[in-house]
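The values are calculated or read from the model by the stated rules, or taken from the named source; none is laboratory data. All figures in this text were calculated on a predicted structure; none of them were measured in a lab. We place every Cβ from the backbone using ideal geometry, glycine too, and count neighbours over all the protein chains shown. Just so you know, the surface numbers come from the protein's heavy atoms only, side chains and all, with ligands and any DNA or RNA stripped out. Shrake-Rupley method; radii C 1.70, N 1.55, O 1.52, S 1.80 Å.
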Amino acid sequence: ERPTITVDASAVLSKIDNNIYGGFTEHMGRCIYGGIYDPGNPLSDANGFRTDVIDAFKDLNVPVVRYPGGNFVATYHWLDGVGPKENRPSRPELAWIGTESNEFGTDEFLKWCEVVGTEPYFCLNFGTGTLDEALGWVEYCNSDRNSYYANLRRKNGREKPYNVKYWALGNECWGPWQVGQLTKEDYAKQAYQWAKAIKLLDPSVELILCGETGYSTWDSYVIKECIKFDLHGLGGSTTASLVDMHSIHVYTASSDHNKNATAPRSAERAIQIAAGLIDLARIENGVPPSVRRQKICFDEWNVWDPVRAPGEEGAEEKYTLSDALAIGVWLNVFVRQSQHMGMANIAQSVNVISPLMTTKDGLLKQPTWWPLLLFSKYMRGSTVAVNVRSGEYLGDTEPAWIRGAIETPWLDVSAAVDDDGVLSLAVVNIHETRDFETELRGVGAKEVTVYSVNGADVTVVNTAEKEEVGIQESKWNGQGLFTFPKHSLTFLRWKL
Ligand code: AHR
């Protein structure tokens, strides 16, 4: 049977939140120091910000960036990182076992966000931090009162509030590696009480609950306990809730290409399950339908094998074409599941498990950069119905439960229509040896712009000397069959 892809541009399914193209910068390895902040380097501006990195973020049009961790945040005290730099204390750093100079902190990050043109997303310290400290941070960033922390911000040179909208209620608090690991019961209690206090201080913020994989007992418990309607905490409002999103973290990886490229499909099921848990909690807890439905914040996702690239050594993964195809599948998942997605943050944005690497004299774009760029540039607007028939990879998967739970077609697809009426169709052909000559229904005889990400084989990497994986652009007249080459990502774009 001939492979077929059917796109129905009139079947608009749901809006794609731009925030699915979010980033993440943690005080880890060379992400902040030597990544976005590199004072003294000729490529840096007067603030010490790397201008080539800023330009790369602008190219990606990154809408939101999570900070300062990650695991780092579990012992982070934000007050150490504000005020005159000479007074800032160096502290032992217990997540990645180093010393944190605190040279780069809240004001530096928020200034950097303004230069980049992106929104900050802060993660609160649920390890050694206190609620008082968290409230102080929200006040410092967002308050225009005549009050202590708002005045401290003014004293530090910033008159108007930064209005940081997104705040995470801790990071991976379930993890045994976490300083101050919590049980689900203790976490739910703490998260709910912190959420109430923070919303009383600043009802305009959005709070993100700390989830696990999306399909764990932890997820189910904390969602049930925290996604409820609190008349007292909300002052009777029916349009908001204490918790606005539920987070999921998943990293995929395998040295076997087929497993590597199909593994992100597990994230699709994770999103569906977590969304179901949210619906169930809302029903069981009697949350009125007028309270906006909580979405998924996939605030750490990527290909990462921590054995191959250990966190303590800076997690500088070397990505292959196989990984780039996996990233294409990851992004297809977010687009297909856009009805549930409030945000997603690739972990991470510079040097640490990142598509973007800095050297002293410039940038190296790994193979995974190119799918990210294509999606972030073009796959915006609303997702539309697309159906694929291409046969399926039927071997073992990573994780194993994918087989039997979801399909893993050779062609992994998503489609969207943007505000200018341009349709984008993304097709990842994960097959290592087979080109797919495909009937494309729903294009018509249109001029189609084609962007292709490919390389000699799935193992190729980019080096400073040679870019083995990049983007090739061409045109197609929209007629006849279209061939999706083996191990490639293809973007087809046409005006409706
Ligand atoms: O992104 C690297 C680390 O992975 C983060 O610090 C942590 O949250 C996760 O385990």
Study note, to complete from the structure: Conditions (1) within 22 Å of SER266 (Cβ to Cβ); (2) touching a strand residue (DSSP E or B) at 6+ places or on another chain (Cβ under 7 Å); (3) within 16 Å of the ligand (Cβ to nearest atom) -> THR397 fails only (3)
Exercise for review: Check ILE54 against each of (1) in contact with a strand residue (DSSP E or B) (Cβ under 8 Å, 6 or more places away or on another chain); (2) under 30 Å from SER424 (Cβ atoms); (3) of a type in the set (A, V, I, L, M); (4) away from the ligand (no atom under 16 Å from the Cβ) and name the one condition it does not meet.
Suggested key: (1)
Point to revise | Meets criteria (buried (at least 16 other Cβ atoms within 10 Å of the Cβ) and over 24 Å from PHE298 (Cα atoms)) for TYR121 | key: no
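State whether the residues of region 309-316 include one that is open to solvent by 10 Å² or more (accessible area, probe 1.4 Å), assigned to a helix (DSSP H, G or I), in contact with a Phe, Trp or Tyr (Cβ under 7 Å, 6 or more places away or on another chain) and within 16 Å of the ligand (Cβ to nearest atom).
yes
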Check your understanding: Within region 260-309, which residues are more than 20 Å from LEU372 (Cα to Cα) and among the basic types (Lys, Arg)?
Key -> ARG269, ARG282, ARG292, ARG293, LYS295, ARG308
Check your understanding: Between residues in region 285-307 that are β-branched (Val, Ile, Thr) and residues that are more than 16 Å from the ligand (Cβ to nearest atom), which pairs lie under 6 Å by C-beta distance while being six or more apart or on different chains?
Key -> VAL287/PHE229; VAL291/SER241; ILE296/ILE271; ILE296/ALA274; ILE296/HIS340; ILE296/MET341; VAL303/ALA326
Revision key, fill the gap. Residues in region 459-495 that are in contact (Cβ under 8 Å) with a residue 40 or more places away in the chain and over 19 Å from VAL413 (Cα atoms) total 10
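Can you tell me which residue among THR397, THR358 is under 21 Å from GLY23 (Cβ atoms) and among the hydroxyl-bearing types (Ser, Thr, Tyr)?
THR358
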Point to revise | One residue from THR99, THR118 being farther than 21 Å from VAL65 by Cα and in contact with a strand residue (DSSP E or B) (Cβ under 9 Å, 6 or more places away or on another chain) | key: THR99
Exercise for review: Please list, ordered by first then second residue, the pairs with beta carbon atoms under 9 Å, 6 or more apart or interchain, first in region 149-164 and hydrophobic (A, V, I, L, M, F, W, C), second surrounded by 15 or more Cβ atoms within 10 Å (Cβ to Cβ) and in a loop (DSSP other than H, G, I, E, B).
Suggested key: ALA150/SER143; ALA150/PRO161; LEU152/VAL82; LEU152/GLY83; VAL164/VAL205
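Residues checked against (1) of a type in the set (Val, Ile, Thr); (2) more than 24 Å from PHE298 (Cα to Cα); (3) surrounded by 18 or more Cβ atoms within 10 Å (Cβ to Cβ):
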| site | (1), (2), (3) |
| --- | --- |
| ASN61 | no, no, no |
| SER90 | no, yes, no |
| PHE104 | no, yes, yes |
| ASP144 | no, yes, no |
Exercise for review: Just give me the residues in region 328-369 being β-branched (Val, Ile, Thr) and away from the ligand (no atom under 15 Å from the Cβ), in sequence order.
Suggested key: VAL329, VAL333, VAL335, THR358, THR359
Practice item. Please specify each residue of region 430-444 satisfying the condition of being part of a strand (DSSP E or B), open to solvent by less than 10 Å² (accessible area, probe 1.4 Å) and either modelled with pLDDT under 95 or of a type outside the set (S, T, N, Q) (or both). Key: PHE436
**Study point:** Residue list for region 29-51, restricted to those being open to solvent by 10 Å² or more (accessible area, probe 1.4 Å) and within 16 Å of the ligand (Cβ to nearest atom)
**Key:** GLY29, ARG30, TYR33
Practice item. Looking only at region 158-175, decide whether some residue is assigned to a loop (DSSP other than H, G, I, E, B), within 16 Å of the ligand (Cβ to nearest atom) and surrounded by fewer than 20 Cβ atoms within 10 Å (Cβ to Cβ). Key: yes
Review point. If you go through region 212-223 one residue at a time, do you hit one that is within 22 Å of the chain's Cα centre (by Cα), more than 16 Å from the ligand (Cβ to nearest atom) and open to solvent by 30 Å² or more (accessible area, probe 1.4 Å)?
Key: yes
**Study point:** Sole exception among (1) touching a residue at least 40 places away in the same chain (Cβ under 8 Å); (2) more than 26 Å from TRP96 (Cα to Cα); (3) not β-branched (Val, Ile, Thr) for TYR187, by number
**Key:** (2)
**Study point:** Top-ranked residue in region 396-429 [being closer than 16 Å to HIS257 by Cβ and open to solvent by 30 Å² or more (accessible area, probe 1.4 Å); ranked as farthest from the chain's Cα centre (by Cα)]
**Key:** ASP396
Check your understanding: Do you know which residues across region 258-295 are basic (Lys, Arg), within 21 Å of SER338 (Cβ to Cβ) and either under 17 Å from the mean Cα position of the chain (by Cα) or open to solvent by 30 Å² or more (accessible area, probe 1.4 Å) (or both)?
Key -> ARG265, ARG269, ARG292, ARG293, LYS295
